[in-house]
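Each remark here refers to the structure printed beneath this line.
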Amino acid sequence: MPTVDAQPSPFGFDRDSTALLVIDMQRDFLLPGGFGESLGNDVAQLRRTIEPLTALLTAWRAAGLPVIHTREGHDSDLSDCPPAKLARGPMIGQPGHFGRILIRGEYGHDIIDELRPADGEVVIDKPGKGAFYSTDLSEILEKSGITHLVVTGVTTEVCVHTTVREANDRGYECLVLADCVGSYFPEFQRVGLQMIAAQGGIFGWVAESPALIKEISR
Ligand code: C5J
């Protein structure tokens, strides 16, 4: 069984039952001038994930393993936007530099060019922070016999954490790749990763992508 050096212990996985989850690598979060930057965030903190994630995707696809992408966003009438989210995020649906913010079909909502989904890869549109809430991710994973998830994307403490916690409660074993997840806030990145692997791996495991690439390229 392939095994990756990870915290708090080695992470073993079976190629037939493991999927790569790429969370919300969307223009509005990552591009200079996008929604994330308009809130005063430093997008460079997220953009450092692009290079390692590109290398991982190349190796993962070469190994013939499944990739699932997610995008956070809403229908144009915002009917699927949880009211509490809209109340504290009134800019959702408003005009931004790359179209209406977090609205499906707008330029800013889509995935950055470097990580564009390949033909046949699943893309999940999610209205919440977690990838399971109000999506068919559970059914897709069950149908494909997936039990282990390699989790990447942004942001570490929000959509990555929510998804990993949801996945953990549903029985999935999650490996989070430290160099392939990003937060606008260095402190949240550091502590967010610590929280996952703490207490014997309370939500999962944490590793660096080169260790995983080495395993899947054997
Ligand atoms: C946020 C996300 N931070 N993808 N979204 O609002 O983490």
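I'm told E208 meets every condition in (1) under 21 Å from R48 (Cα atoms); (2) within 16 Å of the ligand (Cβ to nearest atom) except one. Can you identify the failing condition by its number?
(2)
What pairs can you find where one residue is in the range 65-77 and among the basic types (K, R), the other is part of a strand (DSSP E or B), and their Cβ atoms are less than 8 Å apart, with a gap of 6+ or different chains?
That search, which allows pairs on different chains as well, returns R71/Q26; R71/I111; R71/V123; R71/I124; R71/D125; R71/K126.
How many residues, within the range 83-94, are assigned to a helix (DSSP H, G or I) and open to solvent by less than 50 Å² (accessible area, probe 1.4 Å)?
The total comes to 1.
Of all residues in the range 95-116, which are surrounded by fewer than 19 Cβ atoms within 10 Å (Cβ to Cβ) and basic (K, R)?
Passing the criteria: R104, R116.
Grab the helices (runs of 4 or more DSSP H) fully contained in the range 1-66, keeping just those with 1 or more residues being charged (D, E, K, R) and in contact with a strand residue (DSSP E or B) (Cβ under 9 Å, 6 or more places away or on another chain).
Here the list reads 27-30, 44-47, 50-62.
Given the structure, is R48 closer than 15 Å to I112 by Cα, surrounded by fewer than 22 Cβ atoms within 10 Å (Cβ to Cβ) and modelled with pLDDT of 95 or more?
yes
Output the residues belonging to the range 165-184 that are away from the ligand (no atom under 12 Å from the Cβ) and under 11 Å from the mean Cα position of the chain (by Cα).
V176, L177, C180 - these are the residues of the range 165-184 that are away from the ligand (no atom under 12 Å from the Cβ) and under 11 Å from the mean Cα position of the chain (by Cα).
Right, F35: among the hydrophobic types (A, V, I, L, M, F, W, C), over 14 Å from the mean Cα position of the chain (by Cα), modelled with pLDDT of 95 or more and open to solvent by 10 Å² or more (accessible area, probe 1.4 Å) or not?
When the stated conditions are applied, F35 passes them.
Considering the range 144-171 alone, what residues qualify as being hydroxyl-bearing (S, T, Y) and surrounded by 24 or more Cβ atoms within 10 Å (Cβ to Cβ)?
The answer is T152, T155, T156, T163.
Within the set of pairs 6+ apart or on separate chains, which have a first residue in the range 39-64 that is under 25 Å from M91 (Cβ atoms), a second that is outside any loop (DSSP other than H, G, I, E, B) and of a type in the set (A, V, I, L, M), and C-beta atoms under 8 Å apart?
Sorted first by the residue in the range 39-64, then by its partner, the pairs are V43/L30; L46/L30; L46/V154; R47/L30; T49/V154; T49/V181; I50/L30; I50/L115.
I'd like the residue in the range 143-159 that is touching a Gly at 6+ places or on another chain (Cβ under 6 Å) and not acidic (D, E) and, out of all such residues, is farthest from the ligand (Cβ to nearest atom).
T156
Would you mind telling me which numbered condition in (1) within 16 Å of the chain's Cα centre (by Cα); (2) among the charged types (D, E, K, R); (3) surrounded by fewer than 16 Cβ atoms within 10 Å (Cβ to Cβ); (4) within 16 Å of the ligand (Cβ to nearest atom) D80 fails?
(1)
Does R71 fit the bill of being within 15 Å of the ligand (Cβ to nearest atom) and over 16 Å from the mean Cα position of the chain (by Cα)?
It is false that R71 is within 15 Å of the ligand (Cβ to nearest atom) and over 16 Å from the mean Cα position of the chain (by Cα).
Report whether or not L56 is out of contact with any Leu (no Cβ under 6 Å at 6 or more places or on another chain) and either open to solvent by less than 50 Å² (accessible area, probe 1.4 Å) or at pLDDT below 95 (or both).
Criteria met by L56.
When you check I92 against the structure, is it in contact with a Leu (Cβ under 7 Å, 6 or more places away or on another chain) and either at pLDDT below 95 or over 20 Å from T135 (Cβ atoms) (or both), yes or no?
Here the answer is no, as I92 does not meet what is asked.
Could you grab me the full set of residues in the range 83-101 that are of a type outside the set (A, V, I, L, M, F, W, C) and more than 12 Å from the ligand (Cβ to nearest atom)?
Of everything in the range 83-101, those that are of a type outside the set (A, V, I, L, M, F, W, C) and more than 12 Å from the ligand (Cβ to nearest atom) turn out to be P83, P90, G93, Q94, P95, G96, H97, G99, R100.
The values are calculated or read from the model by the stated rules, or taken from the named source; none is laboratory data. Values in this document were obtained by computation on a predicted structure and should not be read as measured data. Don't worry about glycine lacking a Cβ; one is built from the backbone with ideal geometry, like all the others, and counts go over all protein chains shown. These accessible areas exclude ligands, DNA and RNA; they are computed on the full protein's heavy atoms, side chains included. Shrake-Rupley method; radii C 1.70, N 1.55, O 1.52, S 1.80 Å.
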